[in-house]
1. With labels modelled as points extended 7 Å from the Cα through the Cβ direction, what inter-label distance (nm, one decimal) is found for Gln165 paired with Leu46?
2. For a quick check: with amide H placed at 1.01 Å from N, whose amide H comes under 5 Å from Thr141's, ignoring anything fewer than 5 positions away on the same chain?
3. With a 10 Å radius around each residue's Cβ, average the other Cβ atoms per peptide and rank 169-179, 54-64, highest first.
4. Which of the chymotrypsin sites (Phe, Trp or Tyr not before Pro) found in the stretch 107-200 are in a DSSP loop and have at most 10 neighbouring Cβ atoms, other than their own, within 10 Å?
5. At Ala173 and Leu102, where each label point lies 7 Å from the Cα along Cα→Cβ, what is the point-to-point distance in nanometres?
6. What list do you get for Ile100, Ile110 if you sort them by fewest beta carbons within 10 Å?
7. Rounded to the nearest angstrom and ordered from largest down, what semi-axes does the equivalent ellipsoid of the stretch 27-67 get from its C-alpha gyration tensor (root of 5λ)?
Amino acid sequence: MRHFGGLVDAIGGFAKDRSGNFAVLFGIVASVLALGAGFAVNVSQLSNAKSSLQGVVDAAVTSTARDLTTGVIKEADANTSVQAFLNANSQAGILSADQIVLDKLTVDKIAKTVQADVYVDVGLYFPIFSMGDMKRVAASTTAVYSDKTIEVAMMLDVTGSMAGQKIIDLRTAAANAVDSFLSGQDPAKPRVRVSIVPYANSVNAGALAGSSVYVETSTSQRKQAPGNGAVQY
């Protein structure tokens, strides 16, 4: 009994001793705070990875749908195109190109849609609880494309107010736009057609152009458009 009585007294004395309470409480609170901070960092990391991955796959699919629409690529080339866009766009974000996996690509030729499912395995900074040290983040997006012929009409202002640098910039911009529209097409089956409609004091709409607006075919033929008081440059 004396032995057990001494043990009871020792436990009672330990319970009454408050000299180490702060250290014990600090250890408990610090552990909880560390776990909470680690969990918050993991959630933020996964959220950023999800946002970056979604942006990358959106850009890849919409760019591929655009190329399908303009005839730059065919349906059979969609997989290669999406993968190339994934690699190119991911290098600017928090994900590296070799992390992103193209899980599935579906080209629906009836609905005219392109759907891509991708994922990335993210290494967590704080592998706590049952999360493990790796977490898979997935994203998916769908874009619509068209195989119909595209017709673009560009109306260009060649009035006297465009004299000087303005008309030079207009020509440069128009040439770049036409190159962008027509580049990469199959010459035998063009998908995009561009028409240019200049106007001065009237609109060049075919037969009307012969009597109202002069359109040069070379710089040596440059002259003043009818009805304008300034030379067109």
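1. Here the answer is 5.5 nm between the modelled labels.
2. Amide H to amide H, under 5 Å and 5 or more residues apart or across chains, Thr141 pairs with Ala116.
3. 54-64, 169-179
4. Working: sites: Tyr119, Tyr125, Phe129, Tyr145, Phe181, Tyr199; in loops: Tyr125, Phe129, Tyr145.
Qualifying residues, ordered by number: Phe129.
5. Result: 3.6 nm between the two label points.
6. Working: Ile100 24, Ile110 5.
Final ranking by Cβ density, sparse to dense: Ile110, Ile100.
7. Details: eigenvalues 313, 3, 3 Å².
Sorted largest first and rounded, they come to 40, 4, 4 Å.
Throughout, read-outs are computed from the coordinates displayed, never taken from laboratory work. These numbers were taken from a predicted model, which means no experiment stands behind them. Heads up, the Cβs are rebuilt from the backbone with ideal geometry, glycines too, and the neighbour counts pull from every protein chain shown.
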